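Take a look at the structure below.
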Number of protein chains: 2
Amino acid sequence: MKQDYAYLELEAWLYSRMQAGRWQVGERLPSVRHLCREKQLSKATVLHAYQRLEAQGRIEARPRSGYFVCELPGSALDQSVVASTAIPGPVPVNSSELLTDIMLQGAAFDLLPGGQAEHISAGLMLLNRSIGRALRQSRGKAHQRYEEPAGYLPLRQTLAQRYQRDACQVSAEEFCITSGCQNALFLSLKACCRPGDLVAVEDPGFYGVIQLLEQLQLKAVQIPVHPQTGVDLNALERALQHWPIRACVVTPCFATPGGSLMPEAHQRRLLALANKHEITLIEDDIYRELSFTGRLSPLKALDEQDRVILCGSYSKALSRDLRLGWVLSKRWHKRIVYLQLITQLANSHFVQQGLNDYLISGDYDRYLRQYISELYRQSQEWMQALQSRWPERIRVDVPQGGLCLWVEWQQPIDTLALYPLALRQGIAITPGPLFSVSGDFRQALRLSFAQACSPKHQSALESLQTMMDQQSAQRD
Amino acid sequence: MKQDYAYLELEAWLYSRMQAGRWQVGERLPSVRHLCREKQLSKATVLHAYQRLEAQGRIEARPRSGYFVCELPGSALDQSVVASTAIPGPVPVNSSELLTDIMLQGAAFDLLPGGQAEHISAGLMLLNRSIGRALRQSRGKAHQRYEEPAGYLPLRQTLAQRYQRDACQVSAEEFCITSGCQNALFLSLKACCRPGDLVAVEDPGFYGVIQLLEQLQLKAVQIPVHPQTGVDLNALERALQHWPIRACVVTPCFATPGGSLMPEAHQRRLLALANKHEITLIEDDIYRELSFTGRLSPLKALDEQDRVILCGSYSKALSRDLRLGWVLSKRWHKRIVYLQLITQLANSHFVQQGLNDYLISGDYDRYLRQYISELYRQSQEWMQALQSRWPERIRVDVPQGGLCLWVEWQQPIDTLALYPLALRQGIAITPGPLFSVSGDFRQALRLSFAQACSPKHQSALESLQTMMDQQSAQRD
């Protein structure tokens, strides 16, 4: 195996042994020398794995004595059944380096990175032309000034109109243009939370949020997510009763990784809870327009008390390269614009103008209809490929929109340990544990249907199947 | 006056009275009711001014007794003579709302905002074409993926070559592309400091840094700046002996606002101090290429122990609208890329490619030569306009590069109080106190020569002169 990832594989192996009860709390783990010999690894690799487990608080080093277990991983529950029982307490976040590796591969949305289709849609060509035209029209003028921190006003007006169409009572003055949705989430969390605050998050949920909590020194309270209906509101209510939670990050439409869609009655109850407990709801609105069943309204549409900070972008529906997103909030607007100003001054005027012209022309809506039908077709192909390869051995829900499938295997596999093995074959998987602060969901993968399920993807699935079967055999 | 700024004017008035010794430490300030009546202001306005002075630690509220002086402002030293005496202790930063106002005006570089020249340089047209070409060449492909968080590799290679030309031993792998220089400063400070850390800053210095310190909960240790040679190294050395300083933000070439240029011997001593005290130097490299006396090397070129994090962009030399900058550091590279990833994933590929093609073609260097000669001519015009309007009454240094003049008046004026008055006449000044945590430099303005000194600018100077003379007369 590639030496780079040996430490991760060893970490996963040690972790799974701990999970299986091989060692008890206070018990000494194998010596570094022993592991080097047994696993044929360098001392640095073994130490790296131990140090990572130590950083996670699972083991401790005692001088001249070795490493000892100090906390056992939670037993592996079937997470697809929503636990309406105990809510795990707030935890400081320590996201894995693996995650950075995966993101750096730029591969989170394709099993076969670097294999983007040669086919270019006409809609994207029109977007390019619109940006080029904006550049020419501005001549050199745009280069002489910074755009306002809140963003190009006509774009904010267009966005306000689009959200009004989706039943939101909002105005252009409530929008702040950002560098994409991740940047919007960053600004929102930074605006409404202070270090040490508790934030309720979806479990499983978007890893970008987990990473942000870590960097902003916020603590996560994990709320289980139902694969069809989203955040478990009973669990959230109990958490709100137990902990002084400041904010809750939710994705009502096509939550990643599970793809759930929160029914309107749930959305109303969520808002009532937020109003009662005076918390801020941060709505991740990045997938909503990718609906297979017609236009949907955001949670913000039901928000009468200005509790919701909505974060959105066209990165998933249109272009990952525009680096434009937005935050929609009246209550926090001033603070978010200020944070935008001091962390990066502004966003490009010409890109905002190009996007705005494209939206106004109707080209975006035409493009979107075509893209959605493509995604729908591709999602069907992927469902079929998965179900024929693993009949009766996976759990996966029929997607109603978005870009992803959340696949849970019934056999004993560890997708985190699989990651480096798959990567050696050029296959970039997105392991389940990335979507949880607790590192659970080792038997799950997020798969994207943003690409067609090509013969190459089919054979990548076949390779994965072989690796999984080998792994299961070793574990049995 | 515009009610919005009344509180600032009152604050400035109270401050100047305190500075003049009107009240002593422990003495009661006029009651809110008294000031409302005397100044014809609302209660909210008076309270706002008092609360701001309280936040600055200058006065304190005692329940049912009123406001009392708890710290007098330092006596008004001639700040252009570098004080090699006492170093002020670390202070929590509380930057002014006024600053946000000025930035929101987008006017920090023009006395007459909205008055950008109609003249468009050929160099900027070529930049537009280069970006348009990059878009067409990428077709739709760029839209399907996120660029790597560290940035487009060919651009980083080009930047590395350019820095090598300026005597830096650096490679493409040490660069991280950011959303401009302010974003680079944000990532650098966030990477190497933790909340509560002490950071040495230039005084006067760039207000964007002051705002960042505030948001990152860092404390500023102000180091006086000599108008010709930059940071006073004796003062810095004493500060390093007294305080556990983590980092120091410096602008060796054309520091804003003063325009100083640090001699090589000073740069070597600065690095020796940083190495001895193991602090990080954050080099703001945004103005270096705008030199009237030939190419200069950055501090980074002398940095043998990887102490310097260099932050740069072409926002001042080429375009404020590209929103591209960079951080150059080997030691902190991994952490900075990670922070970039989680705060905004990446920057636009097509803009980076367009910029890179433009740099490689030689068009940028041709443009730069022409722009520098234009800036030189304009700086001469502004110097002449100032010296003929205020003969013997201002102190201003002949600029050797950059975009700005730092003008200090010998008459008793308060540029902060002048700001709202000038704005009513459409004139946006950048008052001296914005460049200092302490709020000093009330008799100074930063003026930019990025625009020609047109007849309109001349009459704006005339209006300023009238306002200043009125203000002086009232104060005498």
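Couple of notes before you dig in:
- Selected residue [farther than 30 Å from A:Gly123 by Cβ, under 22 Å from the mean Cα position of the chain (by Cα), among the aliphatic types (A, V, I, L, M) and buried (at least 19 other Cβ atoms within 10 Å of the Cβ)] from A:Leu418, A:Leu447: A:Leu418
- Region A:458-471, residues that are closer than 11 Å to A:Leu386 by Cβ and open to solvent by less than 60 Å² (accessible area, probe 1.4 Å): A:Leu461, A:Leu464, A:Gln465
- A:Arg323 vs. criteria open to solvent by 10 Å² or more (accessible area, probe 1.4 Å), of a type in the set (D, E, K, R), more than 16 Å from A:Leu185 (Cα to Cα) and not assigned by TED's automatic domain parsing to the domain that holds A:Gln400: no
- Residue check, A:Leu345 modelled with pLDDT of 95 or more and not assigned by TED's automatic domain parsing to the domain that holds A:Tyr371: no
- A:Ala317 being surrounded by fewer than 21 Cβ atoms within 10 Å (Cβ to Cβ) and either facing chain B (nearest Cβ under 7 Å) or in a loop (DSSP other than H, G, I, E, B) (or both): yes
- Output for region A:347-369, where each listed residue is closer than 28 Å to A:Arg307 by Cα and either within 14 Å of another protein chain (Cβ to nearest Cβ) or in contact with a strand residue (DSSP E or B) (Cβ under 9 Å, 6 or more places away or on another chain) (or both): A:Asn347, A:Gln352
- Filter result for A:Ile372 (within 13 Å of chain B (Cβ to nearest Cβ) and in contact (Cβ under 8 Å) with a residue 60 or more places away in the chain): no
- Residues located in region A:217-259, provided they are of a type in the set (Ser, Thr, Tyr) and free of Cβ contacts under 8 Å to residues at least 40 places away in the same chain: A:Thr229
- If the condition is being open to solvent by less than 10 Å² (accessible area, probe 1.4 Å) and either in contact (Cβ under 8 Å) with a residue 60 or more places away in the chain or in contact with a strand residue (DSSP E or B) (Cβ under 6 Å, 6 or more places away or on another chain) (or both), then region B:421-432 contributes B:Ile427, B:Ala428, B:Ile429, B:Thr430, B:Pro431, B:Gly432.
- Residue within region B:167-174 that is closer than 27 Å to A:Arg133 by Cα, in contact (Cβ under 8 Å) with a residue 40 or more places away in the chain and either not acidic (Asp, Glu) or not assigned by TED's automatic domain parsing to the domain that holds B:Ala452 (or both) present: no
- Which numbered condition A:Ser138 fails, given (1) under 30 Å from B:Gly123 (Cβ atoms); (2) open to solvent by 20 Å² or more (accessible area, probe 1.4 Å); (3) out of contact with any strand residue (DSSP E or B) (no Cβ under 8 Å at 6 or more places or on another chain): (2)
- Of the residues contained in region A:191-200, one or more are found to be surrounded by 24 or more Cβ atoms within 10 Å (Cβ to Cβ), of a type in the set (Val, Ile, Thr), at pLDDT 95 or above and touching a Pro at 6+ places or on another chain (Cβ under 9 Å).
- Residues that are crowded, with 24+ Cβ neighbours inside 10 Å and at the interface with chain B (Cβ under 10 Å from one of its Cβ atoms) within region A:168-190 comprise A:Thr178, A:Ser179, A:Gly180, A:Cys181, A:Gln182, A:Asn183, A:Ala184, A:Leu185, A:Phe186, A:Leu187, listed in sequence order.
- Checked against the criteria, A:Leu126 does not count as touching a residue at least 60 places away in the same chain (Cβ under 8 Å), more than 7 Å from chain B (Cβ to nearest Cβ), assigned to a helix (DSSP H, G or I) and closer than 27 Å to A:Pro298 by Cα.
- Filtered by the rule that a residue be within 11 Å of chain B (Cβ to nearest Cβ), touching a strand residue (DSSP E or B) at 6+ places or on another chain (Cβ under 9 Å) and open to solvent by 10 Å² or more (accessible area, probe 1.4 Å), region A:332-346 gives a lone residue, A:Val337.
- Checking B:Trp326 against (1) more than 21 Å from B:Gly259 (Cα to Cα); (2) part of a strand (DSSP E or B); (3) free of Cβ contacts under 8 Å to residues at least 40 places away in the same chain, the condition it does not meet: (3)
- The set of residues from region B:388-436 being part of a helix (DSSP H, G or I) and of a type outside the set (A, V, I, L, M, F, W, C) comprises B:Ser388, B:Arg389, B:Thr415, B:Tyr419, B:Pro420, B:Arg424, B:Gly432, B:Pro433.
- Restricting the first member to region B:262-284 and to residues that are under 22 Å from B:Ala184 (Cα atoms) and open to solvent by less than 10 Å² (accessible area, probe 1.4 Å), and the second to residues that are of a type in the set (D, E, K, R) and not in a loop (DSSP other than H, G, I, E, B), the beta-carbon pairs closer than 8 Å and six or more apart or on different chains are B:Ile279/B:Arg246; B:Glu283/B:Lys300.
The values are calculated or read from the model by the stated rules, or taken from the named source; none is laboratory data. What you see is a predicted model, and the numbers here were worked out from it, not measured in a lab. Every residue, glycine among them, receives a Cβ derived from its backbone with ideal geometry; neighbour counts consider all protein chains shown. Accessible surface is based on the protein model in full, side chains and every heavy atom, while ligands, DNA and RNA are left aside. Shrake-Rupley method; radii C 1.70, N 1.55, O 1.52, S 1.80 Å.
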